[in-house]
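As structure tokens, the structure follows; a few thoughts come after it.
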């Protein structure tokens, strides 16, 4: 019943160890394996022994019983609780991690929009195209165009080019 949670926990521990101790993970794989086995033993043996002892100590006869001594056979609630714990503990870690990454990405996007006028104008125009006048299309900030005189810029360019050959 706890094997699913234990396997997911081992994968999480292995990924964490591989991320934190990259050199150790690449060079000393046996050491990492021993750490993972110790974590598995420390988790599974006490929990499994305690649950089996608690649910079979009162009314289970080892020598004359026709049913299994697995606690889930007698109490289906244990299986449901075990799988629910696996689901929530594994899901919570992923949910927290992905939420942090998403919040950072949204924050980064908002910072980019705040400091970049061209991006802000493009996004406002997109909202205006999608939602129409609801989004306040009349308040779109227009970027001031730079006055551009072709003849003047051409003369400056060629003058600089001519001066560079002197």
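The values are calculated or read from the model by the stated rules, or taken from the named source; none is laboratory data. Since the model is a prediction, treat every value here as computed from it, not as a measurement. Here the Cβ positions follow ideal geometry from the backbone for every residue, glycine too, while neighbour counts run over all protein chains shown.
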Looking for whichever is part of a helix (DSSP H, G or I), surrounded by 10 or more Cβ atoms within 10 Å (Cβ to Cβ), touching a helix residue (DSSP H, G or I) at 6+ places or on another chain (Cβ under 7 Å) and modelled with pLDDT under 75 here; the options are 6, 78, 85. Which one fits? 6
Residue pairs, Cβ under 9 Å, 6 or more apart or interchain, first in the range 25-54 and at pLDDT below 70, second assigned to a helix (DSSP H, G or I) and surrounded by fewer than 10 Cβ atoms within 10 Å (Cβ to Cβ). List them. 25/19
For residue 120: the one exception among (1) at pLDDT 75 or above; (2) outside any helix (DSSP H, G or I): (2)
